[in-house]
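This report concerns only the one structure given below.
The values are calculated or read from the model by the stated rules, or taken from the named source; none is laboratory data. These numbers were taken from a predicted model, which means no experiment stands behind them. Positions of Cβ are backbone-derived with ideal geometry, glycine not excepted, and every protein chain shown enters the neighbour counts. Side chains are part of the model used for accessible areas, which takes the heavy atoms of the whole protein and leaves out ligands, DNA and RNA. Shrake-Rupley method; radii C 1.70, N 1.55, O 1.52, S 1.80 Å.
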Amino acid sequence: MPHPAPPESPAPQALRQTPDALGRFGAFGGRFVPETLMDALNQLSEAYEEAKADPEFRRELEAYWKDYVGRPSPLYRADRLTKFSGGADIYLKREDLNHTGAHKINNAIGQVMIARRMGKQRVIAETGAGQHGVATATACALFGISCTVYMGEEDIRRQKLNVFNMRTMGATVVPVSSGSKTLRDATNEAFRDWMGSSKETHYTIGSVVGPHPFPMIVRDFQSVIGREARAQILEKIDRLPDAVVACVGGGSNAAGIFHPFIEDAGVELIGAEAGGRGGKSGDHASSLTQGKPGVLHGSFSYVLQDDDGQTQDVHSISAGLDYPGVGPEHAYWKDAGRVRYESVTDAEALAAYGESARQEGILPALESSHAIAQAFKEARRLGPGKVLIACLSGRGDKDAYEVARLRGEPIQ
């Protein structure tokens, strides 16, 4: 496997011209996979480029987004959260109102449609919080394709409702007992499956991670979030927002809402990573703010590593953010200085979960609660008269059992 070059600072004017033909975002991205997967990745790249150029594919995808997913998702002015924060006006991009309750369905339908074009009879996926697993199981049920989802045993414990929903829709959920029994280990198992079955199987990666072309494909499908938000805020206030905030684990909802704003220099872009229990190694999942460049799951990006370069165990209250790496385009944006990444602790996210419920009657996913907690800080910093959009990437009913357990009020 070739040794990756150290990252270089990319030119800001090239931000929307990525990735290059080799799948690189500046020094990040690329393909670091066994030779057995190169044919499958080349086939996927070719199929995706053909689909993008096919007006019928685009028409069908947009029809499913509109009539099945329920797009466009609303852009909601959260007056009581604005009053609570005491600063900028807070708008919420309501991806939680999508069918299946999260932004993950935008990408899952697109990728399963591509799998169908390639003639694949089987789809596999990995999932942490379960929303990508549910979205993939949903798309496979919709198109009549066999579905297998890998999920860590710890995440199965935290996300029982989503496991039940996946199985009800006909998916096989495979528990992963290795390592920390979370998303990283589920991803390892999904890659092992794909290496032995790529001729008949498509691997629907759920975030902007993995080897090229996955980070580009997932970003492109999720950019519908940012395109809608940009048009909706212009319609509502006749100008662009002062800031956009989104949570970042692998980084798919953040890439989706940031990308259409990336050349709007007057719009601050802020990613909220999982600060967990604090800054000590193993207690957080803040890959961009505390990681180092390295290779994880086929891509070169920021990775949490020990002194020997081994991937570290991580922690987050949110199963969807409990991952030691991040998408390579986020690494590129960080080094270019275009996006600022901050850490939000478990306690801050739990508090934001409660405030959103009490102030607006909205239960956000624990992932999204990180974005809302950071939005409070940014709104106070910006002050009255400014406008901020936070991406509410998913709904929190899946997390109710875990929040209740953490509060010492277990649901019977």
- Message: If you roll a 1.4 angstrom probe over the protein chains with everything in place, what fraction of the accessible area of region 64-215 belongs to carbon and sulfur, to the nearest %?
- Response: 52 percent
- 3J(HN,Hα) from dihedral phi, region 104-115, Karplus parametrisation 6.51/-1.76/1.60, rounded to Hz, x for glycine, proline: 4, 5, 4, 7, 4, 5, x, 5, 5, 5, 5, 4
- Item | Selected from 344, 182, 297, residue furthest toward positive end of dipole (the chain; charges at beta carbon) | 344
- Message: What does DSSP give for region 168-327 in terms of the percent of beta bridges that are antiparallel, rounded to the nearest 5?
- Response: 60 percent
- Using θ = phi - 60° and the Karplus curve 6.51 cos²θ - 1.76 cosθ + 1.60, what whole-Hz ³J(HN,Hα) does each residue of region 221-227 get, with Gly and Pro shown as x? 5, 7, 5, 4, 4, x, 4
- Hey, can you find the accessible area per residue of the chain for me, probe 1.4 Å, expressed in square angstrom? 38 Å²
- Query: In whole Å, how far is the Cα centre of region 151-221 from that of region 243-308?
  - Reply: 20 Å
- With the full set of protein chains in place, find how many percent of the accessible area of region 301-396 is carbon and sulfur; take the probe as 1.4 Å. 44 percent
- Task: Treat every Asp and Glu Cβ in region 172-298 as -1 and every Lys and Arg Cβ as +1, leave all other atoms uncharged, and give the resulting dipole magnitude about the Cα centre to the nearest 20 debye.
- Result: 380 debye
- Note on the structure: Per-residue accessible area, 1.4 Å probe, largest first, puts 83, 104 in the order 83, 104
- Counting only Cβ distances under 4.7 Å between cysteines, those in the chain with no partner are 247, 391
- Message: Order 317-324, 368-375, 236-243 from most to least packed using the mean count of other Cβ atoms within 10 Å.
- Response: 368-375, 317-324, 236-243
- Once you sort the root eigenvalues of the Cα gyration tensor of region 224-331 as a ≥ b ≥ c, which label holds: rounded (a/c under 1.5), prolate (a/b larger than b/c) or oblate (the other case)? prolate
- Query: If packing is taken as the mean number of other Cβ atoms within 10 Å per residue, what is the order of 32-43, 392-403, highest first?
  - Reply: 392-403, 32-43
- Item | Built amide H within the under 5 Å cut-off of residue 244, gap 5+ | 268, 269, 270, 389
- Accessible-area composition of region 218-266, carbon plus sulfur, in percent [1.4 Å probe]: 45 percent
- Message: Taking just the alpha-carbon atoms of region 124-268, what radius of gyration and Dmax come out, in angstrom?
- Response: 17.2, 53
- Extreme residue, positive dipole direction of the chain, given options 359, 330, 45 (C-beta unit charges): 359
- Query: Residues with amide H under 5 Å of residue 150's amide H, sequence separation 5 or more or different chain, H placed in the peptide plane at 1.01 Å from N; which?
  - Reply: 125, 126, 127, 174
